[in-house]
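Just below is one structure, and these are the notes that go with it.
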Amino acid sequence: MTTQSNPDASAPEKTTGDKERVLIFDTTLRDGEQCPGASMNFEEKLEVAELLDDMGVDIIEAGFPIASQGDFESVQEIARRSKNAVIAGLSRASFNDIDRCAEAVKLARRPRIHTFISTSPIHMKHKLQKEPEAVLEAIIASVARARSHVEDVEWSAEDGTRTEFDFLCRCVEEAIKAGATTINIPDTVGYSTPDEYKDLFIRVREAVPNSDKAVFSVHCHDDLGMAEANSLAGLKGGARQVECAINGIGERAGNAALEEIVMAIHTRNDVFPYLTNIDTTMLTRASRLVSAVTSFPIQYNKAIVGRNAFAHESGIHQDGMLKHTQTYEIMTPESVGVKETSLVMGKHSGRHAFVEKLKELGYELGDNAMQDAFKRFKDLADRKKHVYDEDIEALVDEGIGAAHDRFKVAALTVIAGTGGPQKATLTLEIDGEPHTREATGNGPVDAIFNAIQALVPHKAKLALYQVHAVTEGTDAQAEVTVRLEHDGREYSGRGADPDTLTASARAYVHGLSKLLAKRDRLHAQVG
């Protein structure tokens, strides 16, 4: 754990020696949730926020309160439940946005309003259709309005890295004069390079006379694959807050990944002499939770938290690891919440062994969730000769993702073959009550999805259907991901089972539950 206590997360803390605190600003619930198909429901957002707070995130950007009533309510509840972190809401440079944001975060122990406006020539001309002086006036007015509500105000220059330097400096100076305590210069479209980004912070901080009155922040997107490198370069240029997201999720190619930023500082402290407040042993757990609730799988070779991050198959590598772990590992698995050794799980394993295995894999479940996961594990162990860690992760992640679903697959029978047509008989539990329908289709999956359509009428279109094996072997679990499209929005669902058709049904039902829950919330707001 790279930790240094700081009662005031609005400003980095000076520490002994040459090391200073870097504030970790997590935007998983705001920028991360904006990426197509990654929307989370109310309960999922609260679960992620609680974990972020527990692991030592300094600032949690909980959402965009003006965007919808649902977003407002989730930000408000996260603010109410917050224990340590600053809770920030995002707002545009309008009084309505700012006032709505202030209302959402006011119950937080430490509230923040994060307001932004575009400053680059291309954004001002085509997006805002405003002249630079009008943008400058909007900055002053919006920051002052935000400061009238809270003491902690962050201002961002959207598309800051493509903004004319002199104008950027004027904007930063006026934002600080108006009351901004944090200044964010984001690389909004992932255009910058590390040397450019570092130099930008050095030059702005030198040119702006009141720059010492605010904390400078980096926010980098990964369009050219340099989000983490740019973020760390910004720290070298004097920034002391990093805006990032679990698993790097976010708009387009995503944000800088929180776990990669934190472990770069932790592992290469000789190059990045800073401290964070993050409990690094919780990184894997956070990564898996976010993957489960968004139905976005973690890339196998993903740095820090990927399945293969601490795996060694090559004979040469294995030989080196047996002689000394540091021959091929620059950090320990334990430091990010992964156990190097693992229990061999099978049908004779008991509940205690299963609970210990989940802890080893980074999961802590409540009693009901644990009972459900253990039952599904025993069912799986009866059907598979070998149950691997990845199998357990898949069944637990599926349970987390489907925990709040109105619809659950209770039974499925499929008749398939070359004769056709294929037929599916499906029983769904809808709000706890079983309902059964039979349907035919052009293939078994089509028949299953037609049966779901008959049980739960909807107008969603299937935008993605994807299957991959969780482990090796003919008895491997299939993990199915579907993406449903409705009214311009996408909803992802995921299901896992040794039977690919059962996994397909579960994935479709999971995505449909998300879609209909969103529709019901919108209807409730209109009503």
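Each Cα pair under 8 Å and six or more residues apart adds its sequence gap; the mean of these over the residue count of region 404-526 is a relative contact order of 18 percent.
Look at the alpha carbon pairs under 8 Å that are at least 6 residues apart: their mean separation over the length of the chain gives a relative contact order of 11 percent. Once you divide the Cα radius of gyration of the chain by 2.2 N^0.38 Å, the number left is 1.03. Hull volume per residue, based on the alpha-carbon atoms of region 20-294 and their convex hull, is 111 Å³. For region 479-488, 3J(HN,Hα) computed residue by residue from phi via the Karplus equation (6.51, -1.76, 1.60; θ = phi - 60°) reads 10, 10, 10, 10, 10, 9, 10, 8, 6, x Hz, glycine and proline entered as x.
Using a cut-off of 29 Å between Cα atoms, the listed pairs Lys127/Lys236; Lys130/Lys514; Lys177/Lys236; Lys125/Lys514; Lys19/Lys359 include Lys127/Lys236; Lys130/Lys514; Lys125/Lys514; Lys19/Lys359 as exceeding that distance. Site-free segments of the chain were taken between chymotrypsin sites (Phe, Trp or Tyr not before Pro) in DSSP loops having at most 15 other Cβ atoms within 10 Å, sites themselves excluded; the longest one is 1-299. This model, with +1 at the C-beta of Lys and Arg and -1 at the C-beta of Asp and Glu, gives the chain a dipole about its Cα centre of some 780 debye.
The H on the amide N of His221, modeled in the peptide plane, is under 5 Å from the matching H of Asp187, Gly190, each at least 5 residues off or on a different chain.
The numbers here are math on the coordinates, done by the rules we state, and not lab data. Being a predicted model, the structure only gives us computed values, none of them experimental. Here the Cβ is made from the backbone with ideal geometry for all residues, glycine too, and neighbour counts use every protein chain on show.
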